[in-house]
């Protein structure tokens, strides 16, 4: 039996609510309950379970590794918010802001250990491969976060360097979710690697779309202020593509625009320059290229594996979001 995305999210929420997070000391576990109760799309566990079901496993077999990766994902957010000094996450105070950085560090460390323990609940002959994938992914996510922080003070960043950073920081966890589902189902190593590579390209396109939406999204539709990446001079794909496309005079104009102190004027000026340079179109073109790379995946599944339209539509939706 396969489940819809909505049904899977319901099961995921129920499993999260059942986690043993009522222990002492309260100041350790209350922040974890708080972080895990903030909702979100539950994208990673949904992808994992959908992949597992597509290859023949059951939701019951996949639920605990799915919850483990969701706890790990939220652990990374708790620690990222400290490093980025972000006061708000999903419309609520971040853990470090509500309590303290020290509390957030320790609760986050506990979440990492809990994630590993949840993965160990998986009853699969491929558990060793699942744990190896998790450990490698955790290391790569940390590598990506460090590169992201390095870029803040790095004068020159290339687009290829940026793509490698988002591969590590964002794409590998999406890819690992899909591959873990395949491993739970006992699919072949070649097919597990194939869905992993599919996930990498989807993850890259997903992050590029996030970069685009930060500048061009409808605030009423997405519920968040646009232009934050511009205000913070973040070296996104759009930022780097603009300097790649610009001639010497335009580069000087761009550099001056990024020094403006009035936030409204800065966003308007930089966005107008992006429009003049065709940055939006260039970003959409790269997103389409990544999508075209992975689109054949569902039509080339191994014999005996029926394509999951739910998984297809979910992954397509990640790179086809509205403005």
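The values are calculated or read from the model by the stated rules, or taken from the named source; none is laboratory data. Please read all numbers here as calculations on a predicted model, not as lab measurements. Cβ sites come from the backbone with ideal geometry, for glycine too, and all protein chains shown count toward neighbours.
See the values below:
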item: Meets criteria (surrounded by fewer than 18 Cβ atoms within 10 Å (Cβ to Cβ), modelled with pLDDT under 95 and farther than 30 Å from residue 187 by Cβ) for residue 86; result: yes
item: Out of 168, 183, sole residue that is surrounded by 20 or more Cβ atoms within 10 Å (Cβ to Cβ), under 15 Å from the mean Cα position of the chain (by Cα) and part of a helix (DSSP H, G or I); result: 168
item: Unmet requirement for residue 211, which otherwise passes all of (1) part of a helix (DSSP H, G or I); (2) touching a residue at least 12 places away in the same chain (Cβ under 8 Å); (3) more than 25 Å from residue 295 (Cβ to Cβ); result: (3)
item: The range 257-300, residues that are touching a residue at least 40 places away in the same chain (Cβ under 8 Å) and either in a loop (DSSP other than H, G, I, E, B) or over 22 Å from residue 204 (Cα atoms) (or both); result: 267, 270, 271
item: Residue count for the range 238-256, restricted to those that are part of a loop (DSSP other than H, G, I, E, B) and within 31 Å of the chain's Cα centre (by Cα); result: 1
item: Lone unmet requirement of (1) part of a loop (DSSP other than H, G, I, E, B); (2) farther than 15 Å from residue 156 by Cα for residue 235; result: (2)
item: Some residue of the range 51-66 being over 18 Å from the mean Cα position of the chain (by Cα) and at pLDDT below 95; result: no
item: Count of the range 89-105 residues which are surrounded by 15 or more Cβ atoms within 10 Å (Cβ to Cβ) and in contact (Cβ under 8 Å) with a residue 60 or more places away in the chain; result: 5
